[in-house]
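The values are calculated or read from the model by the stated rules, or taken from the named source; none is laboratory data. Note that the structure is predicted; figures quoted are calculated from it, not measured. Every residue, glycine among them, receives a Cβ derived from its backbone with ideal geometry; neighbour counts consider all protein chains shown. With ligands, DNA and RNA removed, areas are computed over all heavy atoms of the protein, side chains included. Shrake-Rupley method; radii C 1.70, N 1.55, O 1.52, S 1.80 Å.
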Amino acid sequence: MSALVITGVPGLGKNLEENFTDQAGKKPVVISTWDHGLAANAEAWKILNSRGKALDAVEKGVMVTEDDFSNLSVGLGGLPDREGIVTLDASIMDENGRCGGVAFLERIKHPVSVARMVMEKTPHVLMVGSGAQKFALENGFKLEPKKLSPAAEKAYKEWLKRSEYKPKANIENHDTIGMVAIDAVGNLSGSCTTSGLAYKMRGRVGDSPIIGAGMYVDNEVGAACATGVGETVLRICGSYLVVELMRQGLSPMDACKKAIERLVVKNLNYREVQVGFLALNKKGEHGAFAVQKGFTYALADSGGNKMFDSDYFLR
Ligand code: GLY
């Protein structure tokens, strides 16, 4: 039987038996950025494999990375801003277009869960700084010590010797974790969380907490997330662009490639930066593309949880 999908009407066309049957074998699937995606996917997969919701999978998945105090680009172990303070950005989005984000958040271990709470408990989409922290504390989150991880402290002291601020292409296999997933009934969700660019100016916010830049979901079409130098992604509303390109009929791979080609045109400094996009469509097909060599991503489906190298622009 062919899929019965009624588009343009919220709540219709979802969870239908015809949909599930049509796409059997291609879902659930979860993909996430960089090598740290492997451990995050493993957690997300536990939920997806027991017919849990994509929304829960993408939250619990990236919480693994946020929990890892040795990670220098996600969570409280991340590299600080130029004043020596770690500030966190995160976002989450579900199949109904509900979304939440937090930015410039200090001393809270799981910004992605605060983002989910913004989505579920407030009429807002984005909360920042001391207001976001107050909201988190009022909702059961704990204030963590104001302390850099040993590795971050060492790196920061080294950086202070020259205090030179130059975002550079991240080819060392670490940056934001972005994750997108489709669950057993065909619903999509996404998440994104980071400590942002190392030694950024105080108050700088990247693409990760901005819905449509660092991550975007449209349950009728697909989901996308981004990693890399956030300013370049913000300039093109990167993840939204990838989803819109899929809406026009491009495969996830071609949509990511086209978005990188746009980014290259709109960012004169593209040779000095790394950005990678990941995308998943409604059929559970995925794609990835980056500016430079070195972007890796993890994919978990019924065939296992594996790392892949992304294709890239600068050959
Ligand atoms: N993509 C993470 C950031 O630029 O903050």
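Of the residues examined, R162 is not one that is charged (D, E, K, R), within 16 Å of the ligand (Cβ to nearest atom) and open to solvent by 50 Å² or more (accessible area, probe 1.4 Å).
Within the option set G203, G249, being more than 10 Å from the ligand (Cβ to nearest atom), farther than 29 Å from R82 by Cβ, more than 15 Å from the chain's Cα centre (by Cα) and assigned to a loop (DSSP other than H, G, I, E, B) holds for one residue only, G249. Among all positions in the range 92-107, there is at least one residue which is closer than 21 Å to L278 by Cα and acidic (D, E). Cβ separations smaller than 7 Å between residues 6+ apart or across chains give the following pairs from the range 50-79 residues that are on the phi > 0 side of the Ramachandran plot to residues that are open to solvent by less than 10 Å² (accessible area, probe 1.4 Å) and acidic (D, E): G75/E66. Scanning the range 66-106 for residues that are more than 16 Å from the ligand (Cβ to nearest atom) and farther than 22 Å from N41 by Cα yields E83, G84, N96, G97, R98.
Only a single item in (1) touching a helix residue (DSSP H, G or I) at 6+ places or on another chain (Cβ under 8 Å); (2) of a type outside the set (S, T, N, Q); (3) open to solvent by 40 Å² or more (accessible area, probe 1.4 Å) is not met by K121, and it is number (1).
When the range 213-236 is limited to residues that are away from the ligand (no atom under 14 Å from the Cβ) and assigned to a loop (DSSP other than H, G, I, E, B), the one that is surrounded by the fewest Cβ atoms within 10 Å (Cβ to Cβ) turns out to be E220.
Results for (1) under 23 Å from L160 (Cα atoms); (2) free of Cβ contacts under 8 Å to residues at least 40 places away in the same chain, shown as yes or no for each residue.
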| site | (1), (2) |
| --- | --- |
| T193 | no, no |
| G196 | yes, no |
| Y199 | yes, no |
| G203 | yes, no |
| I236 | no, yes |
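Considering only the range 135-143, I want to know if a residue exists there that is open to solvent by 40 Å² or more (accessible area, probe 1.4 Å), within 10 Å of the ligand (Cβ to nearest atom) and assigned to a helix (DSSP H, G or I). No, because not a single residue in the range 135-143 is open to solvent by 40 Å² or more (accessible area, probe 1.4 Å), within 10 Å of the ligand (Cβ to nearest atom) and assigned to a helix (DSSP H, G or I). For the range 263-274, check the following and say yes or no: at least one residue is of a type outside the set (F, W, Y), within 11 Å of the ligand (Cβ to nearest atom), open to solvent by less than 60 Å² (accessible area, probe 1.4 Å) and not in a strand (DSSP E or B). The answer is yes, given that some residue of the range 263-274 is of a type outside the set (F, W, Y), within 11 Å of the ligand (Cβ to nearest atom), open to solvent by less than 60 Å² (accessible area, probe 1.4 Å) and not in a strand (DSSP E or B). Restricting attention to the range 95-111, does a residue exist that is of a type in the set (D, E) and touching a Leu at 6+ places or on another chain (Cβ under 9 Å)? Looking through the range 95-111, at least one residue is of a type in the set (D, E) and touching a Leu at 6+ places or on another chain (Cβ under 9 Å). The number of residues in the range 178-200 being part of a loop (DSSP other than H, G, I, E, B) and within 16 Å of the ligand (Cβ to nearest atom) comes to 6.
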